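Trainee: Mind having a look at this structure? Questions to follow.
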Amino acid sequence: SSVQQLPHPPFRLPLLGDLLTVRPGKPTQAAMRDARRLGPIYERLIVTYPIVIVSGVDLLAEINNEEHWTKNLSPLFRLMRPIARDGLFTAYNDEPTWHTAHNILAPAFTQAAMRGYHQSMADTVAELIDYWSEREDRWVDVAEDTNKLTLEVISRTGFSYSFDSFTRADTDEHPFVAAMTRGLRFVNRNANLPPALHKFPRRRVDQQTKDIAFAKQLVDDVIAARRREDPDSTRDLLGLMLNSSDPTSGKSLDEKNIRHQILTFLVAGHETSAGVLAFVLYFLANHPDVAARARTEVDERWPGRERPDVGYEDVAKLRYLRRVIDETMRLWPIAPGYFREAKHDTTIGDGRYRFDQGDWVFVLTLAAHRDPGWGADHDEFDPDRFLPDNLRALDPNVLKAYKPFGTGARACIGRQFAYHEILLALAHIIHTFTFEPEPDYQLDVGEQITLKPRGFRLRFHRRHPHS
Ligand code: HEM
């Protein structure tokens, strides 16, 4: 690397670099604190390789420029390759299957395409509402239950499969869900260890091998059943992948790749939306003024006491709720950052920082989203920041650095999908319940690749009796 003389944490050690300053539990929150001390670009040495962490909005305007920079499949994401191979998220930029899959799937993720998933999403949300209605007198772990919702939404719309998340007993986790949770925990653990330690302990490595094999088998069985029973359908993402081809190249996806796309969607499409929904409920429960305005927006549209009939067209009209979501993802971007690499030798910051082709950096969205350019109150929750007039008044680079869904060609394909399911769920939740927060809860943000409010519980009280 040609990265030169960047600020770095004090107490750097000869052999371990800055390893001891990495708090494995909350690495990106620690990096955000370092960024405030060390500035818009700094370097953290982990064992043998340096990680350059960028959070200054002016530098990011350059690093997000696709002419000179592109996605980097970091060591962290490479650890997921055994699970998802050349699925969209973990594909290398030059893997031909990325282009084929992107071109086949992009039409399935436009806002208009959400019409096709709307009813299935609404039915699943209704299950969550019933689930919480039956637990009115109990404290529920919010992130655990929003996870159930989003897993069901993506598995039903993705490949017409249900994990029966709302009907099985709490102690009876679906084996696929257990395998996936263990699998991601393993990846997360190795991300904080030098590669030489990744193959130990044997027991964990063997478990990982078994978990991956199990997940692949389940998906392959679903694909085989579809081929037998309903081979021509394009009713879900699986059908689309089996029965359409890339309009530009004419190529279609082979069965192995389809398997990896499904695993990718199950992982990328569920923890993320679930985390956002949980953080939104955290903010609503702790900001009664915001909750009241959200409730007004929903009640004006559905004044009745019965379950609201939220149609596809209604969702995009929930402008206040949308601002609540955007402000939530500003303060707690569920994906706290993304990786970029130089496409060729280049510089940023008026020539101050030089990078060779292939050098990579970590963009710390978590810190960039709290740039002082948002105002002196940049750590405070205020959805009105996202009123169009207020956005126009921002320094353009501050706004351009708002990237909860990543950037460029490799940005999130599920963005509209996520907004649609989260807005739809919120409209129902807010119409049905008030939220009682635990009096002593202090926000504790856990990091398992994505961020999540840990130990956050609410009691949901129905506003109207069951209809
Ligand atoms: C990529 C965030 C929901 C599927 C990404 C990236 C981010 C992100 C930051 C870029 C990663 C990188 O640069 O390396 C989010 C957030 C979500 C969300 C915050 C929820 C609020 C979803 C959903 C789906 C999905 C619902 C699927 C239904 C994907 C896929 C990619 C991706 C397939 C890889 C795209 C590619 O490289 O072609 N997401 N995501 N995401 N996301 Fe999402």
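Trainee: In region 149-162, which residues are surrounded by fewer than 19 Cβ atoms within 10 Å (Cβ to Cβ) and in contact with a Leu (Cβ under 9 Å, 6 or more places away or on another chain)?
Mentor: Ser160
Trainee: In this structure, is Val153 among the hydrophobic types (A, V, I, L, M, F, W, C), touching a Ser or Thr at 6+ places or on another chain (Cβ under 6 Å) and modelled with pLDDT of 95 or more?
Mentor: Against the criterion (among the hydrophobic types (A, V, I, L, M, F, W, C), touching a Ser or Thr at 6+ places or on another chain (Cβ under 6 Å) and modelled with pLDDT of 95 or more), Val153 qualifies.
Per-residue answers, yes or no, for (1) buried (at least 18 other Cβ atoms within 10 Å of the Cβ); (2) farther than 22 Å from Ile413 by Cβ; (3) touching a residue at least 24 places away in the same chain (Cβ under 8 Å):
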| residue | (1), (2), (3) |
| --- | --- |
| Gly56 | yes, yes, yes |
| Asn65 | no, no, no |
| Ala91 | yes, no, no |
| Ile104 | yes, no, yes |
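Trainee: Sticking with this one: Determine if region 77-84 includes at least one residue that is touching a residue at least 40 places away in the same chain (Cβ under 8 Å), closer than 26 Å to Asn397 by Cβ and either touching a Ser or Thr at 6+ places or on another chain (Cβ under 7 Å) or within 13 Å of the ligand (Cβ to nearest atom) (or both).
Mentor: There is no residue in region 77-84 that is touching a residue at least 40 places away in the same chain (Cβ under 8 Å), closer than 26 Å to Asn397 by Cβ and either touching a Ser or Thr at 6+ places or on another chain (Cβ under 7 Å) or within 13 Å of the ligand (Cβ to nearest atom) (or both).
Trainee: Among what's in region 106-130 and is among the hydrophobic types (A, V, I, L, M, F, W, C) and within 10 Å of the ligand (Cβ to nearest atom), pick the residue that is surrounded by the most Cβ atoms within 10 Å (Cβ to Cβ).
Mentor: Among those residues, the one meeting the criterion is Ala108.
Trainee: Which condition breaks for Val398 when tested against (1) farther than 23 Å from Pro7 by Cβ; (2) surrounded by 20 or more Cβ atoms within 10 Å (Cβ to Cβ)?
Mentor: (1) is the only condition that Val398 fails.
Trainee: Looking at Glu313, Glu306, Glu297, Glu327, which one is assigned to a loop (DSSP other than H, G, I, E, B) and either within 23 Å of Thr157 (Cα to Cα) or in contact (Cβ under 8 Å) with a residue 12 or more places away in the chain (or both)? Talk me through it step by step, then tell me what you get.
Mentor: Working: Glu313 fails: assigned to a loop (DSSP other than H, G, I, E, B); Glu297 fails: assigned to a loop (DSSP other than H, G, I, E, B); Glu327 fails: assigned to a loop (DSSP other than H, G, I, E, B).
From the options Glu313, Glu306, Glu297, Glu327, the qualifying one is Glu306.
Trainee: I would also like to ask the following. How many residues are loosely packed, with under 14 Cβ neighbours inside 10 Å and part of a loop (DSSP other than H, G, I, E, B) when one looks only at region 194-229?
Mentor: Of the residues in that region, 4 qualify.
Trainee: Applying the selection to region 428-449, what residues are part of a loop (DSSP other than H, G, I, E, B) and either within 21 Å of the chain's Cα centre (by Cα) or loosely packed, with under 13 Cβ neighbours inside 10 Å (or both)?
Mentor: Pro439, Asp440, Gln442, Leu443, Asp444, Ile449, listed by residue number.
Trainee: Sticking with this one: Starting from region 154-174, keep only residues that are under 15 Å from Glu421 (Cβ atoms) and assigned to a loop (DSSP other than H, G, I, E, B), then list their pairs with residues that are of a type outside the set (A, V, I, L, M) and within 16 Å of the ligand (Cβ to nearest atom) whose Cβ atoms are within a distance under 7 Å, requiring at least 6 positions of separation or different chains.
Mentor: Cβ pairs passing all conditions: Ser165/Lys148; Ser165/Glu152.
Trainee: Given the condition outside any strand (DSSP E or B), of a type in the set (D, E, K, R), within 16 Å of the ligand (Cβ to nearest atom) and farther than 23 Å from Asp123 by Cβ, answer yes or no: does some residue in region 378-396 qualify?
Mentor: no
Trainee: Next question. Filter region 394-421 for residues that are under 16 Å from Gly375 (Cα atoms) and of a type in the set (Gly, Ala, Ser) and give the result.
Mentor: Going residue by residue through region 394-421, those that are under 16 Å from Gly375 (Cα atoms) are 394-402.
Correct list: Ala401 only.
Residues are listed down the side, and each one gets a yes or a no for (1) closer than 23 Å to Tyr161 by Cβ; (2) at pLDDT 95 or above; (3) more than 20 Å from the chain's Cα centre (by Cα):
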{"residue": "His68", "(1), (2), (3)": "no, yes, yes"}
{"residue": "Ser74", "(1), (2), (3)": "no, no, no"}
{"residue": "Phe77", "(1), (2), (3)": "no, no, no"}
{"residue": "Gln111", "(1), (2), (3)": "no, no, no"}
{"residue": "Met121", "(1), (2), (3)": "yes, yes, no"}
{"residue": "Val125", "(1), (2), (3)": "yes, yes, no"}
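Trainee: Further question: Would you point out which residue out of Ile53, Ile46 is modelled with pLDDT of 95 or more and under 27 Å from Ala196 (Cβ atoms)?
Mentor: Values: Ile46 fails: modelled with pLDDT of 95 or more.
That would be Ile53, the only listed residue that is modelled with pLDDT of 95 or more and under 27 Å from Ala196 (Cβ atoms).
The values are calculated or read from the model by the stated rules, or taken from the named source; none is laboratory data. Given the structure is predicted, the values throughout are model-derived calculations rather than measurements. Glycine also receives a Cβ, built like all others from the backbone with ideal geometry; neighbour counts cover every protein chain displayed.
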